[in-house]
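Read through the structure below, which is laid out as structure tokens, and then see the notes.
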2 protein chains.
Amino acid sequence: MTEIQRLDTTDADYRERLDGLLAWESVSDDRVQQTVAEIIREVRARGDAALIDYTARFDRWSPAAAADLEIPRARLATAWERIPAAQREALEQAAARIRAYAEHQRVESWSFEEADGTLLGQQVTPLDRAGLYVPGGKAAYPSSVLMNAIPAKVAGVAELIMVVPTPDGELNELVLAAAYVAGVDRAFAIGGAQAVAALAYGTESVPPVDKVVGPGNIYVATAKRAVFGQVGIDMVAGPSEILVVCDGHTDPDWIAMDLFSQAEHDEDAQSILVSWDRDFLDRVAASIERLLPTMERAEIIATALRARGALIAARDLDDAIAVANQIAPEHLELSLADPQAVVGRIRHAGAIFMGRYTAEALGDYCAGPNHVLPTSRTARFSSPLGVYDFQKRSSLIMASAAGAATLSRTASVLARGEGLTAHARSAEYRGEDAAE
Amino acid sequence: MTEIQRLDTTDADYRERLDGLLAWESVSDDRVQQTVAEIIREVRARGDAALIDYTARFDRWSPAAAADLEIPRARLATAWERIPAAQREALEQAAARIRAYAEHQRVESWSFEEADGTLLGQQVTPLDRAGLYVPGGKAAYPSSVLMNAIPAKVAGVAELIMVVPTPDGELNELVLAAAYVAGVDRAFAIGGAQAVAALAYGTESVPPVDKVVGPGNIYVATAKRAVFGQVGIDMVAGPSEILVVCDGHTDPDWIAMDLFSQAEHDEDAQSILVSWDRDFLDRVAASIERLLPTMERAEIIATALRARGALIAARDLDDAIAVANQIAPEHLELSLADPQAVVGRIRHAGAIFMGRYTAEALGDYCAGPNHVLPTSRTARFSSPLGVYDFQKRSSLIMASAAGAATLSRTASVLARGEGLTAHARSAEYRGEDAAE
């Protein structure tokens, strides 16, 4: 019997139990903090030599020279040629759709002129150089390479640097092929906190970037937090989550498999279903029972469902929506007859999968929207990774003579109110001259 | 003699000296880290009681009850009535212009339908609740209240909570008046790390917010870094900076005053002028000499110019632009005859002030664009505070039956390539059904 928790929004202890389920704090203990701080210090002080040492120690292979740290672009092309045609085609199709969607996200410069001739606006520019961290080993996902790299290239980032650890020197062909089709400019076979430090500060071989994105283990996450400010970073991700809201008319096997698809990521992943049809919750529970033994990753799924999964009985649709807004899930499936009637009431979610045909898995790979999404309730204040994360804005102000005369009066009053007289006089110079 | 450094881009040690000038790392030492960690723990554990204790200890006044921590909205209105009419008018004009500019920044939802009926897009929503930190004491700037609060309200944030320490129980009328006109919903007389903790986690009196913005001292900055993830935060700001690029035809007194207006903020502020007209650099140096003794904050200005200021001789306009892109300044003045011919080549700057009439001070108060800008070269990857910082996006995906059939094939190949078979089967269910 798979023990997945059953909650009911009308239970007295409902909120307490839900909070318990959602609770997640990623803690880097002092040991991790100190290790990371030392690695960053070493990479800043010794550059490539430190990268070679750490690669030998953590990835168990010894680069003969610093040049060996780089994976040449030609090697990416080789991987592209080597993988089966079906995978090449799938990567190509996914890349094309992710690119087409990303094109809609590009932020454009804008400006307007006021009646007195003063111009105001914002100039939007891409980052010069971005760094993409790709995990090695079991969490090496080619789809993540596409999702992180393509928005950067669409934004116009001139140089995109990928780092990927190669434990025991082993390269992942599918990851390299994804880097090839996504347009990664340079790749380095380094990982861990040392790779993040190299991207942030640069070494003789690795050029310093302006922003580091991509998932990683606790050392990588801690290093990203530490270099934030020196470079930009994306969100530090928690475990992946899905919340399915269902009216009870979707095939329960489909919903069970959607819950599995989240739970199979790792033991901490979270799968929750909410419905006001209690019989349907029972049918999904039965599907879980029946299908679980057929799954390749049954043990991971069972652990995740037991530890962090739930079937929640709500009073009605409104109540289910309230649950969704409370959870602010990374992935939200609205498996409903008319999801478009409901979506406008969703206040917080990373991505919303609407209708019975839209399995989250379609979005994970190839629907177009990014699969790098805010986790752990951070959808309350943050957004999917997008082209906008690789662009930045500069405000534009060009005062006409008449505009300066008007503005300088207001600025002068406020500056003097704050005791900043150089501000006041700097403004007044322009006002007096313009008024002459 | 005011010793402001003179650099020349053709000098052999130019780059080294420039790097030395720009170097800035804000370091929270272990003692600050531990103090902040303890304050956050206490506020989480004891709520209002901890706020009352810390307020007594750090701000030297004792709230009789938790209710006294709140500054009622009526008190903000009283401040608005109390300040001189000229200040009320200036605040009103500044607020109107900041609001009008911000309206241009609102990000809108978008979606499109593909040929097979699949819908893709992004739904944009405001944050539910935002927290605004306003420093007390010497750095209490009403203009900062406007600049932080107005974009939040334009974004549609339902509840905006301001916190402001009141050392010795003293309220700053101009700050309260600015909060009134900017539409702050609730205000609390608390500050320091305890105020940040209260906003992030909530107490009996202070509601938890989704994002904390606004400047503060090292304790506030350290607390913001610590609660990042639980809530969103804006950038942690370094000292303020200006870079003026001038062709030599602006009144040197104006340029000197612009450099002063930055330097008067504090001893760490940075003022740099670059020009290819060496005589002009000498004339500005002479203006600095002559004007400095007339300044109210002469000592702060002199210290800042000596420690971190510079006059840089460039070869020509192109060289000056390269200097600007290298420095990636918070404020960039293009004091040139035709700044619009040049602005497209500026890759990194927080705000660009174009033409001889556009003193930075105009932008600081009332031109419209935000004065909360990326400092310390972070304009390489970040943007001025704006409406977009108080909005977030949810991706939208609604696959048609035909769309699901196509997408499920690609998703299945990639999911199996990554060993995630629940993903594959979840996609395949939809594909098979749609194909029937």
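Determine, yes or no, whether residue A:394 is within 30 Å of residue B:394 (Cβ to Cβ), surrounded by fewer than 24 Cβ atoms within 10 Å (Cβ to Cβ), under 44 Å from the mean Cα position of the chain (by Cα) and at the interface with chain B (Cβ under 7 Å from one of its Cβ atoms). Against the criterion (within 30 Å of residue B:394 (Cβ to Cβ), surrounded by fewer than 24 Cβ atoms within 10 Å (Cβ to Cβ), under 44 Å from the mean Cα position of the chain (by Cα) and at the interface with chain B (Cβ under 7 Å from one of its Cβ atoms)), residue A:394 does not qualify. The combined condition, being over 13 Å from residue B:197 (Cα atoms) and either surrounded by 14 or more Cβ atoms within 10 Å (Cβ to Cβ) or assigned by TED's automatic domain parsing to the domain that holds residue B:142 (or both), is fulfilled by residue B:64. Do we find that residue B:44 is over 30 Å from residue B:243 (Cβ atoms), within 14 Å of chain A (Cβ to nearest Cβ) and in a helix (DSSP H, G or I) in this structure? In short, yes.
If I filter the range A:380-391 for residues that are buried (at least 23 other Cβ atoms within 10 Å of the Cβ), more than 7 Å from every other protein chain (Cβ to nearest Cβ), in a strand (DSSP E or B) and in contact (Cβ under 8 Å) with a residue 24 or more places away in the chain, do I get at least one hit? Yes, that holds for at least one residue. Identification of strands (runs of 3 or more DSSP E) wholly contained in the range A:200-305 with 1 or more residues that are of a type in the set (A, V, I, L, M, F, W, C), closer than 30 Å to residue A:391 by Cβ and facing chain B (nearest Cβ under 10 Å) yields A:211-213.
On the stretch given as the range A:392-422, residues that are out of contact with any His (no Cβ under 9 Å at 6 or more places or on another chain), of a type outside the set (A, V, I, L, M, F, W, C) and part of a helix (DSSP H, G or I) total 7.
With respect to the conditions (1) surrounded by fewer than 19 Cβ atoms within 10 Å (Cβ to Cβ); (2) of a type outside the set (S, T, N, Q); (3) under 24 Å from residue B:343 (Cβ atoms); (4) in contact with a Pro (Cβ under 9 Å, 6 or more places away or on another chain), residue B:235 lacks only one, and its number is (1). In the range A:19-34, the residue that is farthest from residue A:203 (Cα to Cα) out of those that are in contact with a helix residue (DSSP H, G or I) (Cβ under 7 Å, 6 or more places away or on another chain) and in a helix (DSSP H, G or I) is A:21.
Go through the residues of the range B:19-36 one by one and say whether even a single one is crowded, with 19+ Cβ neighbours inside 10 Å, β-branched (Val, Ile, Thr) and either at pLDDT 95 or above or touching a Ser or Thr at 6+ places or on another chain (Cβ under 7 Å) (or both). Checked against the condition, which is being crowded, with 19+ Cβ neighbours inside 10 Å, β-branched (Val, Ile, Thr) and either at pLDDT 95 or above or touching a Ser or Thr at 6+ places or on another chain (Cβ under 7 Å) (or both), the range B:19-36 yields at least one hit. A Cβ distance below 6 Å, combined with a sequence gap of six or more or placement on separate chains, defines the contacts here; from the range A:48-70, residues that are charged (D, E, K, R) reach residues that are at pLDDT below 95 in the pairs A:48/A:66; A:59/A:167; A:60/A:168. Just one of the listed residues (A:159, A:108) is in contact with a strand residue (DSSP E or B) (Cβ under 7 Å, 6 or more places away or on another chain), farther than 30 Å from residue A:45 by Cβ and of a type in the set (Asp, Glu), namely A:108. The residues of the range A:169-199 that are outside any helix (DSSP H, G or I) and among the charged types (D, E, K, R), listed by number, are A:170, A:185, A:186. Inside the range A:99-112, residues that are more than 8 Å from chain B (Cβ to nearest Cβ) and in a strand (DSSP E or B) make up a count of 1.
When residues in the range B:80-91 are screened for being at the interface with chain A (Cβ under 9 Å from one of its Cβ atoms) and either part of a helix (DSSP H, G or I) or closer than 24 Å to residue A:363 by Cα (or both), 5 of them pass. Among the residues making up the range B:366-378, those that are at the interface with another protein chain (Cβ under 7 Å from one of its Cβ atoms) and either of a type in the set (Gly, Ala, Ser) or surrounded by fewer than 24 Cβ atoms within 10 Å (Cβ to Cβ) (or both) are B:367, B:368. Can you tell me which residues in the range A:398-408 are at the interface with chain B (Cβ under 8 Å from one of its Cβ atoms) and either over 45 Å from the mean Cα position of the chain (by Cα) or farther than 17 Å from residue B:336 by Cα (or both)? If the condition is that a residue be at the interface with chain B (Cβ under 8 Å from one of its Cβ atoms) and either over 45 Å from the mean Cα position of the chain (by Cα) or farther than 17 Å from residue B:336 by Cα (or both), then A:401, A:403, A:407, A:408 are the ones that fit. For the range B:134-144, the set of residues classified as assigned to a loop (DSSP other than H, G, I, E, B) and either charged (D, E, K, R) or more than 9 Å from chain A (Cβ to nearest Cβ) (or both) consists of B:134, B:135, B:136, listed by residue number. Of the residues contained in the range B:315-337, one or more are found to be at the interface with chain A (Cβ under 10 Å from one of its Cβ atoms) and surrounded by fewer than 24 Cβ atoms within 10 Å (Cβ to Cβ). Filtered by the rule that a residue be more than 7 Å from every other protein chain (Cβ to nearest Cβ) and outside any loop (DSSP other than H, G, I, E, B), the range A:113-133 gives A:113, A:119, A:121, A:122, A:124, A:126, A:129, A:130, A:131, A:132, A:133. Only one entry in B:417, B:431, B:355, B:350 is in contact (Cβ under 8 Å) with a residue 24 or more places away in the chain, facing chain A (nearest Cβ under 8 Å) and of a type outside the set (Asp, Glu), namely B:350. When residue B:147 is tested against the conditions (1) in contact with a helix residue (DSSP H, G or I) (Cβ under 7 Å, 6 or more places away or on another chain); (2) within 9 Å of chain A (Cβ to nearest Cβ); (3) surrounded by 23 or more Cβ atoms within 10 Å (Cβ to Cβ), the lone failure is (2).
The values are calculated or read from the model by the stated rules, or taken from the named source; none is laboratory data. What you are looking at is a predicted structure, and each value in this text was computed from that prediction instead of being measured. Because the Cβ atoms are built from the backbone with ideal geometry, glycine has one as well, and the counts that use them run over all protein chains shown.
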